[in-house]
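One structure is given below, encoded as structure tokens.
The values are calculated or read from the model by the stated rules, or taken from the named source; none is laboratory data. These figures come from a predicted structure and were not determined experimentally. Here Cβ is always computed from backbone atoms with ideal geometry, including for glycine, and neighbour counts include all displayed protein chains. We work out accessible area using only protein heavy atoms, side chains counted, and drop any ligands, DNA or RNA first. Shrake-Rupley method; radii C 1.70, N 1.55, O 1.52, S 1.80 Å.
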Amino acid sequence: MIKVSDIYSFIDSVAPFESQADFDNSGYMTGDKNALVKRILVSLDLTSSVLTEAKEFGADLIVTHHPLIFNPLENVMSNSLAYKVISSGISIISAHTNLDIAENGVNATLIETLGFKNYFNSDKDPFLKIAEVEPISSKKLISLVSEKLNTSVQHNSVKKTVKTVGFCSGAGSPCFYSAIEEGADAFITGEAKYNMFIDADESNILLIAAGHYETENIIVPVLCEMLKKQFPEIEVKPSNEKNPVVYKN
């Protein structure tokens, strides 16, 4: 029989928890390490709707990317999500920054989703990956990102031929400046601060912000397939979680 601890050990072998950033809180969130697992729900986030979905699915375990507990909790009251999760008896494991930088993790999945294959880890930042691409215009790269991720994107006005691209999914602001140091022609992330677009213009680098959800939720089906392959006797399904950010047409 498969236990919660077995799932933890497998994720640890794919994306070592010890590799997570100092600010992170990946790993066990709530539950029982020794509880048996027959069904797993995988999601980007743990929300009330995801918890309801897990209950309806009969999940014993929810595996998320974003941690349920990120900052210290002062209390756990009956109206809090943490209380509801604990009361449900469903165990939670979160793989956050350790999964971002893993060999087949979030950043690698983002690059491959866009159709790029030749990439490597930056020496300047563990969360930054650099891809060498066939020369592509800024306009075509922007369109490619929008099409492949099925979303509207934010970008600056730099027009150039792009040969190297820096990647950091989600809130990748810190990696942007490392990408500039690496001499990247473009940087693709989930969300970017206003001043970064100004700095991008000044540094003549194309900056594309394609959405936190859009650049990270792509790992959910990948993680599902990993778990199914490793534990064929367990039923694994991706959550129906929707993007909390709504775009007006």
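Brief remarks on what is shown
- V246-F10 pseudo-label distance in nm [points 7 Å out on the Cα-to-Cβ vector]: 3.7
- Values [x] 1.00; [y] 0.96; [z] 1.03 are given for comparison; Rg/Rh (Cα atoms, Kirkwood Rh), derived from the coordinates here, is the one labelled [x].
- Taking a straight line from the alpha carbon of K129, these lysines sit under 19 Å away, with near neighbours fewer than eight places off in the same chain left out: K117, K148, K163.
- Amide H within-cut-off set for E182, under 5 Å, with H built and near neighbours excluded: none
- For the chain, calculated [θ]222 nm from helices alone, where every DSSP H run of n ≥ 4 adds -39500 (n - 2.57): -10000 deg cm²/dmol
- Segment 1-92, accessible surface, carbon-and-sulfur percent (1.4 angstrom probe): 48
- Highest mean first, the peptides 154-162, 7-15 sorted by other C-beta atoms within 10 Å per residue fall in the order 7-15, 154-162.
- Rounded to 5, percent antiparallel among DSSP beta bridges of the chain: 45
- Averaged per residue, segment 79-154 has 48 square angstrom of accessible surface, using a 1.4 angstrom probe with ligands and nucleic acids left out.
- Listed residues T52, T64, T164, most fluctuating in the chain (Gaussian network, C-alpha, under 10 Å): T52
- Normalised by residue number, the volume inside the convex hull of the Cα atoms of segment 134-249 is 130 Å³ per residue.
- Amide H partners (placed H, <5 Å) of A15, local residues excluded: none
- Once Rg and the Kirkwood radius are both taken over the C-alpha atoms of segment 1-139, their ratio Rg/Rh works out to 1.05.
- Residue pairs, from the table K160/K242; K3/K124; K159/K248; K193/K242; K3/K84, whose Cα atoms sit over 29 Å apart: K160/K242; K3/K124
- For the chain, the list of Cys residues with no other Cys C-beta under 4.7 Å reads C224.
- Gyration tensor verdict on segment 1-55 (Cα atoms; rounded if a/c is under 1.5, prolate if a/b is larger than b/c, oblate otherwise): oblate
- On Cα atoms only, tilt of 219-230 relative to the major axis of the chain in degrees: 50
- Ignoring the sites themselves, the chain has its longest run without GluC sites (Glu not before Pro) in a DSSP loop having at most 12 other Cβ atoms within 10 Å at 104-232.
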